[in-house]
Amino acid sequence: MSDPAAVIDDLRAESDELDRLVAGLGDGQWGAATPAAGWTVAHQIAHLAWTDETALLAATSPGAFAREVEKAFAEPDAFVDRAAEAGARRPPAELLAHWRTVRERLRQALYEAPPGARIPWYGPPMSARSMATARLMETWAHGQDVADAVGVVREPTARLRHVAHIGVRARDYAYLVRGLEAPKAEFRVELTGPGGELWTWGPESAAGGPGAGGGGRVTGPALDFCLLVTQRAHRDDLAVRAEGADADRWLDIAQAFAGPAGTGRAPAGTGRAPAGTGRAPEGA
């Protein structure tokens, strides 16, 4: 995952796939409720457009972006919803055209970022590659919300590896935002990609658990792991398994996104509305 161009190209492909889905919707379907409480399909696309535009500002005008961060910190519980609400009021065709424009400009800016450049964000600064990976993760996650809203089952792709990578890398952050101490030992994560290939993170020795100097192992389909770490499905509904107490605890709190701890979704069939907002806060 060291080639920025490859990740940026995958970001474009992920965005284009979601674009094709929403471009075929009638105006009424843009108002369909998604699993994120209070958010319609239009809110989801408006949020992606706003975040892509904000990332573009960070990449091209750090001073102006710093002023936006100050505004966000002044209303941390409202600025994301406020931006989504404003964008969702646009006519669907206008909103879609706006998203297409800003995401293409962001793609070009990431391509042109000098090697070693750090792009400021709401959390730590990121490289162009990391920014593209974070944008892909969020595009995929919000695309899942849209797909759920309109009853479409998406075919998983190899781009899920980027989402899974953030989920693994964000392990300790999930503990931090909950005021918990992260395990010192590494985990071994072994996921089966859409084509049957094996994706791994962490040393093989970590799979042995504490007695072998590791923290345990997590296994399962890559799609299920990505749904878990973006909090788009409840753990009980997914085929992700843990070996070792520390790894098992992580699966209860895992999140691939920056920001406050998410509350996730309720298990399917509980008769309850999905828990939490289902949104991926800014950054990863």
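The values are calculated or read from the model by the stated rules, or taken from the named source; none is laboratory data. For clarity, every value in this text was computed on a predicted model and none was experimentally measured. FYI the Cβ positions are ideal-geometry reconstructions off the backbone, even for glycines, and counts take in every protein chain you see. What goes into the accessible areas is simple: the full protein's heavy atoms, side chains included, and nothing from ligands, DNA or RNA. Shrake-Rupley method; radii C 1.70, N 1.55, O 1.52, S 1.80 Å.
Using the Karplus equation 6.51 cos²θ - 1.76 cosθ + 1.60 (θ = phi - 60°), what ³J(HN,Hα) coupling, rounded to whole Hz, does each residue of segment 108-119 give in order, writing x for Gly and Pro?
Taking θ as phi minus 60°, the curve returns 5, 5, 5, 4, 8, 4, x, x, x, 5, 10, 9 Hz for segment 108-119.
Residues with amide H under 5 Å of ALA32's amide H, sequence separation 5 or more or different chain, H placed in the peptide plane at 1.01 Å from N; which?
Amide H neighbours of ALA32, under 5 Å, 5+ apart: VAL41, ALA42.
In segment 1-137, what percent of the accessible surface is made up of carbon and sulfur (1.4 Å probe, ligands and nucleic acids excluded)?
Within segment 1-137, the accessible surface is 54 percent carbon and sulfur.
What is the helix-to-structure angle for 128-150, meaning the angle in degrees between its Cα long axis and the longest Cα principal axis of the chain, kept from 0 to 90 and rounded to the nearest 10?
On a 0 to 90 degree scale, this one is about 80.
List, in order, the whole-Hz ³J(HN,Hα) value for each residue of segment 20-33 obtained from phi through the Karplus relation with A = 6.51, B = -1.76, C = 1.60 and θ = phi - 60°; use x for Gly and Pro.
4, 5, 6, 5, x, 7, x, 4, x, 6, 5, x, 5, 6
Connecting C-alpha atoms closer than 10 Å in a GNM of the chain, tell me which of TRP30, TRP199, TRP50 has the biggest fluctuation.
So, out of TRP30, TRP199, TRP50, the one fluctuating most is TRP199.
Over segment 160-252, with every protein chain in place, what whole percent of the accessible area is carbon and sulfur at 1.4 Å, could you tell me?
About 48 percent, which is the carbon plus sulfur part of the accessible surface.
In whole Hz and in residue order, list the ³J(HN,Hα) couplings for segment 175-185 that follow from phi through the Karplus curve 6.51 cos²θ - 1.76 cosθ + 1.60, θ = phi - 60°; x for Gly and Pro.
6, 4, 6, 9, x, 10, 8, 6, x, 6, 7
At 0.36 nm per residue, minus the direct Cα-Cα distance, what do GLN108 and ARG20 gain on full extension? Give it in nm, one decimal, please. Could you put the intermediate results ahead of the total?
Working: separation 88, 0.36 × 88 = 31.68 nm, distance 2.08 nm.
Stretched fully, the GLN108-ARG20 segment lengthens by 29.6 nm.
Any idea what the relative contact order of segment 159-223 is, in percent, if you count C-alpha pairs under 8 Å spaced at least 6 apart? Can you show the working numbers first?
Working: 106 pairs, mean separation 20.3, N = 65.
About 31 percent, as a whole number.
Quick one: compute the contact order of the chain, relative version, from alpha carbon pairs under 8 angstrom and 6+ residues apart, as a percent.
That works out to 18 percent.
What relative contact order, as a whole-number percentage, does segment 75-221 give when Cα pairs under 8 Å and 6 or more residues apart are counted? Spell out each step's value before the answer.
Values: 134 pairs, mean separation 18.2, N = 147.
Across segment 75-221, relative contact order equals 12 percent.
Tell me, what is the per residue accessible area of the chain in Å², probe radius 1.4 Å? Before the final figure, lay out the partial values.
Working: 12590 Å² over 284 residues.
Spelled out: the 1.4 Å probe surface of the chain, per residue, equals 44 Å².
State, to one decimal in nm, how far the label point of GLU70 lies from the label point of GLU190, with both points 7 Å from Cα in the Cβ direction.
Using points 7 Å along Cα→Cβ, the separation is 5.3 nm.
Where both residues lie in the chain, what percent of DSSP beta bridges are antiparallel, nearest 5?
Details: 9 of 14 bridges.
In the chain, approximately 65 percent of DSSP beta bridges are antiparallel ones.
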